[in-house]
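Please read the structure below before turning to the comments.
The values are calculated or read from the model by the stated rules, or taken from the named source; none is laboratory data. Note that the coordinates shown come from a computational prediction; the quantities given were computed from them, not determined experimentally. Glycine also receives a Cβ, built like all others from the backbone with ideal geometry; neighbour counts cover every protein chain displayed. When the accessible area is computed, the model is the full protein with side chains, heavy atoms only, and any ligands, DNA or RNA have been set aside. Shrake-Rupley method; radii C 1.70, N 1.55, O 1.52, S 1.80 Å.
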Amino acid sequence: MNPRRPTIFAGTVAGLLLSGAAAGVLYAASQLAAVPFPAFDFFDAAARALPGSIITAGIDGMVRLIGALGAGPTAVVAKAMEQAVGLAGFVVAGGVAGAMLVAWVRRVQGGSATTGGVLVGLLAGVVASGAAVYVGSASPAAAISWDVVTGLAWGLALGWSVRRLGAVSPAPATQAARDQGGQPELDIGPGARTAPPSEAIVERIDRRHFLVRLGGATAAITVAGAVVGEWVGRSGGIPGGPQVPPGARPWSATHALPNADAAVKPAPGTRPELTPVQDHYRIDIDTRPPEVVAARWRLHIRGLVDHPVHWTLDDIRNRFQPLHQFVTLACISNPVGGDLVSTTRWTGVSLKDVMATVRPRATATHLHIRAVDGFDEFVALDLIRNDRRVMLTYAWDGLPLPAAHGFPLRIYVPDVYGMKQPKWIESIEAIDGWEPGYWVRRGWDAKARMRTTSVIDTVAADAAYTAGDGRRLVPVGGIARAGDRGISQVELQMDDGPWQRAELRTPLSDTTWVIWRLDWPFQAGEHTFTVRCVDGTGAPQVETESPAEPSGATGLDRRRARM
Ligand SMILES: Nc1nc2c(c(=O)[nH]1)N[C@H]1C(S)=C(S)[C@@H](COP(=O)(O)O)O[C@H]1N2
Ligand SMILES: [Mo]
């Protein structure tokens, strides 16, 4: 073994450490300014580029795992997992780069670690900026300059480390002894005046010292970057992003819900009928939400239209009569009893009105709706003409759409899953035919019509009470939903007993979930409750269990409870 050459192992460790430090610095920078964060860009690029079947299996596995572990809100935990995988991949790639650089230096005659480091850094920078441009996480100019410069800096650090790992300077004592042509004076312990350590051992010790010092320095940088990134985090909001006027409060903070007087009250423990916006589930193909700067944003409507437009958000808000709708949105990946479903009050402008202004030509049949993150979908003009509820939405619960939920503009299409409804819209093109949208191209249902489902939220044994007739009753309740088709009946069953009809609370609107309730006669012991429902057209929910892919989960929700 030639001690003058770095080992592959040392190169790997150096690469891992340096990319850990790079992750810290880049994260902090991306929190401070609108520069890309390659760790997330790589993940997002892979998520877009990999075949739909792989992505879908990944999503499904993640949703199941989070549900099985009871790890918290699915959407929140899933995003954290995606970020962790992105970070881990970034650090591992650094280790691989370190190993490859060492292999190259060892194998190639005259291979210089510095040159190699520069090349590796350049390559990393080019690939990172490609990923950033591909996912649209930064402007091409910002992505290329930032990623290439930081990639080069990282490559230089890696090259320097590898050179340092190879050309280690012998320890001073050894050097002195060698200069005198004598024995190095190494006192290793009581009476341990032994043979001098071979050069190889000295090299190894020095290499280890170097790695330890490198480890200390990089760990400090990684931690500092993470802390700074979290602290200065743009929690105060994206500059130029959604502006909540000072003192503005959510609509629901100052208004009673339209069904406040409904006779049927939710059983204690039923989910809130109106989801607080900060608790609304979030699903998208972005590790971090795209940041749209309102001042630079325009809605472009073009293609087969007589009057193409390029509107600001204020244009949209001021030109048209606002439309307010209570909406239950659900993700097609949601399991029957899952938490990827929420309800809030959507405000926007009817696309029918918008079309009256831009005037699609006679040949136009569909709108191609494109979002800043590359997501897209298609909506039939016939649907828009026949259903005023299809709308471009700019507010939720009376406030501008949050960045994570599509600021500045998203579409609402009744009766279909979220996968058909782009957030962060940037352009709408009238075209003369239908094409499959983002998730349809990846194997999901082209119609994605919302399934009819019912869920038990609560068996409120601790809220049991004695009714007028002396019977002891336990409030049981939950939700049922069927897109815009309404719910005509909900039934509950205990163990294998007969199905009993629940009461239905007047819903917030035709497009929200319906809260149901049934006060069940107390029966001591552990019991299994099952719920089923019928939609407003008289069609019962599908009781056979099927997975979310490709058309939305079906099956019955059950809950074991002790009374
Ligand atoms: N631009 C864009 N829009 C998107 C998506 C996306 O990834 N990108 N995901 C869709 C999916 S799958 C769902 S379920 C809904 C979720 O909306 P929310 O995150 O506001 O709840 O957004 C839809 N709109
Ligand atoms: Mo979704």
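Values as computed for the structure displayed
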read-out	value
Which numbered condition A362 misses (of (1) under 23 Å from R298 (Cα atoms); (2) away from ligand 2 (no atom under 16 Å from the Cβ))	(1)
Complete set of residues in segment 410-419 that are more than 9 Å from ligand 2 (Cβ to nearest atom) and under 18 Å from the mean Cα position of the chain (by Cα)	R410
Filter result (in a helix (DSSP H, G or I) and in contact with a Ser or Thr (Cβ under 6 Å, 6 or more places away or on another chain)) within segment 336-356	none
One residue from G443, G468 being out of contact with any strand residue (DSSP E or B) (no Cβ under 6 Å at 6 or more places or on another chain) and more than 16 Å from ligand 2 (Cβ to nearest atom)	G468
Test: residue in segment 70-91 that is over 17 Å from the mean Cα position of the chain (by Cα), farther than 15 Å from F42 by Cα, open to solvent by 70 Å² or more (accessible area, probe 1.4 Å) and modelled with pLDDT under 95	no
Failed item, numbered, when A132 is tested on (1) away from ligand 1 (no atom under 16 Å from the Cβ); (2) open to solvent by 30 Å² or more (accessible area, probe 1.4 Å); (3) more than 30 Å from I8 (Cβ to Cβ)	(2)
Options S488, S454: the member that is among the small types (G, A, S), in contact with a Gly (Cβ under 8 Å, 6 or more places away or on another chain), surrounded by 23 or more Cβ atoms within 10 Å (Cβ to Cβ) and under 27 Å from V327 (Cα atoms)	S454
Residues of segment 260-312 classified as surrounded by 18 or more Cβ atoms within 10 Å (Cβ to Cβ), polar (S, T, N, Q) and more than 14 Å from ligand 1 (Cβ to nearest atom), total	1
Conditions (1) open to solvent by less than 10 Å² (accessible area, probe 1.4 Å); (2) touching a His at 6+ places or on another chain (Cβ under 8 Å); number of the one not met by T530	(2)
L32 vs. criteria over 26 Å from A217 (Cα atoms) and surrounded by fewer than 19 Cβ atoms within 10 Å (Cβ to Cβ)	no
The listed residue being surrounded by fewer than 20 Cβ atoms within 10 Å (Cβ to Cβ), touching a helix residue (DSSP H, G or I) at 6+ places or on another chain (Cβ under 6 Å), modelled with pLDDT of 90 or more and of a type outside the set (G, A, S), out of V126, V148	V148
Where a residue in segment 324-337 is in contact (Cβ under 8 Å) with a residue 12 or more places away in the chain and under 19 Å from T544 (Cβ atoms) and its partner, wherever it lies, is more than 8 Å from ligand 1 (Cβ to nearest atom) and assigned to a strand (DSSP E or B), with Cβ under 6 Å and at least six apart	N334/V341; V336/T453; V336/D557; G337/V455; G337/D557
Selection from segment 371-397 of residues that are farther than 27 Å from G247 by Cα and part of a loop (DSSP other than H, G, I, E, B)	V372, D373, G374, F375, D387, R388, R389, V390
Test result for G418, crowded, with 18+ Cβ neighbours inside 10 Å and under 30 Å from D519 (Cα atoms)	no
Matching residues, segment 371-406, being among the hydrophobic types (A, V, I, L, M, F, W, C), surrounded by 22 or more Cβ atoms within 10 Å (Cβ to Cβ) and within 16 Å of ligand 2 (Cβ to nearest atom)	A371, F375
Residue within segment 289-299 that is in a loop (DSSP other than H, G, I, E, B), touching a helix residue (DSSP H, G or I) at 6+ places or on another chain (Cβ under 6 Å) and modelled with pLDDT under 95 present	yes
Qualifying residue in segment 466-484 (condition: without any contact (Cβ under 8 Å) to a residue 12 or more places away in the chain, more than 14 Å from ligand 1 (Cβ to nearest atom) and of a type in the set (D, E, K, R))	yes
Candidate set from segment 421-437 (those that are open to solvent by less than 10 Å² (accessible area, probe 1.4 Å), under 20 Å from the mean Cα position of the chain (by Cα) and not aliphatic (A, V, I, L, M)); member that is farthest from ligand 1 (Cβ to nearest atom)	G437
Some residue of segment 38-52 being within 16 Å of ligand 2 (Cβ to nearest atom) and over 30 Å from L101 (Cβ atoms)	yes
Per-region count, segment 331-370, residues closer than 30 Å to G72 by Cα and either within 12 Å of ligand 1 (Cβ to nearest atom) or surrounded by fewer than 23 Cβ atoms within 10 Å (Cβ to Cβ) (or both)	16
Filter pass, D387 being farther than 28 Å from T452 by Cβ, without any contact (Cβ under 8 Å) to a residue 40 or more places away in the chain and more than 16 Å from ligand 1 (Cβ to nearest atom)	no
Among residues of segment 311-335, those that are within 15 Å of ligand 2 (Cβ to nearest atom) and either in a loop (DSSP other than H, G, I, E, B) or among the acidic types (D, E) (or both), counted	5
Evaluation of G110 against (1) open to solvent by 70 Å² or more (accessible area, probe 1.4 Å); (2) modelled with pLDDT of 95 or more; (3) more than 18 Å from L26 (Cβ to Cβ) (one fails), failing number	(2)
Members of segment 398-432 found to be touching a residue at least 40 places away in the same chain (Cβ under 8 Å), assigned to a loop (DSSP other than H, G, I, E, B) and on the phi < 0 side of the Ramachandran plot, listed by number	L401, P402, F407, P408, L409, P414, Y417, Q421, P422, K423, D432
Enumeration of residues in segment 421-440 that are under 24 Å from D306 (Cβ atoms) and out of contact with any strand residue (DSSP E or B) (no Cβ under 7 Å at 6 or more places or on another chain)	D432
Tally, over segment 235-254, of residues that are surrounded by 16 or more Cβ atoms within 10 Å (Cβ to Cβ) and modelled with pLDDT under 90	3
Any hit, segment 262-271, residues being closer than 17 Å to T393 by Cα and more than 16 Å from ligand 2 (Cβ to nearest atom)	no
